[in-house]
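Heads up: the structure comes next, in structure tokens.
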Amino acid sequence: MSYIKTKLSIEDKEILDDIYDELEEITLPLSYRKGGKKDTQGHRVRTGACSQKLARQACFGNTNFQGKKQVSSLTKKYPYMMDLFDEFIDNHFPEFEYDSVYVNKNVKCKKHLDSSNVGESLLVGLGEYTGGESILYINNKERKFNIQNYSLIFNGSEIEHKSLPFHGTRYSLVFFSA
């Protein structure tokens, strides 16, 4: 199978609510580039976030910068976030291994592949929103998933994916190994 869908438990949702509350206190970097200024960050371009005024994206855990793996600046500033992410994974899917979490806030991702992820990623949504399902393109067919009630594990570097429009505040968390 090319994906694993796992229902979120009540406890999973409680931990995600705690993560949401903490993320709302952090100013994540703005992804939008006014006036179409050239963007050098490939992920913002691939996901379409650079053209969305409310889009914010950030990485916690390890990042690759100029070919070197290092701890992200947000992780250094907010180290407790990794503890919350670990708590969620330990409760929800303890076998899943990751060293990075990409946080998207209010990003409607266009169809893309992930270039920095190694192997499978775990995707989950949180926040007060409607819509915003994720689409995976498997065998030239669209598969729609509600990531508010389920997590989704798939290889984002091999399976194209996107998100649908939504209303409200929508976060998506992508747990992966860099």
- line: Checking GLN70, GLN57, GLN148 against a Gaussian network model of the chain (alpha-carbon springs below 10 Å), the top fluctuating residue turns out to be GLN70
query: In nm, to one decimal, how far is the modelled label at LYS77 from the one at ILE138, with both set 7 Å along Cα→Cβ?
result: 3.8
- request: Report ³J(HN,Hα) in whole Hz for each residue of the range 65-70, in order, from the Karplus equation J = 6.51 cos²θ - 1.76 cosθ + 1.60 where θ = phi - 60°; Gly and Pro get x.
  value: 10, 6, x, 10, 7, 8
statement: Taking Rh as the Kirkwood radius computed over alpha-carbon pairs of the range 64-124 and applying Stokes-Einstein at 4 °C with viscosity 1.567 mPa s, one gets a diffusion coefficient in µm² s⁻¹ of 95
- request: Could you work out the Rg to Rh ratio of the chain, with Rh taken as the Kirkwood radius (inverse of the mean 1/r over all Cα pairs)?
  value: 0.93
field: the range 77-178 - convex hull of the alpha-carbon atoms, volume per residue in Å³
entry: 105
- prompt: Hey, which of these cross-link pairs are over 22 Å Cα-Cα: LYS105/LYS141; LYS77/LYS111; LYS5/LYS141; LYS68/LYS162?
  reply: LYS105/LYS141; LYS77/LYS111; LYS68/LYS162
- prompt: So what's the Cα pair-distance distribution over the range 98-148, bin width 10 Å, in %?
  reply: 18, 54, 27, 1
- prompt: With all protein chains present, how much of the accessible area of the chain (probe radius 1.4 Å) comes from carbon and sulfur, to the nearest whole percent?
  reply: 48
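The values are calculated or read from the model by the stated rules, or taken from the named source; none is laboratory data. The structure presented is a predicted model; accordingly, all values stated were derived computationally and were not measured. With ideal geometry, Cβ positions are generated from the backbone for all residues, glycine too; neighbour counts draw on all protein chains shown. SASA here: full protein model, heavy atoms, side chains in, ligands and nucleic acids out. Shrake-Rupley method; radii C 1.70, N 1.55, O 1.52, S 1.80 Å.
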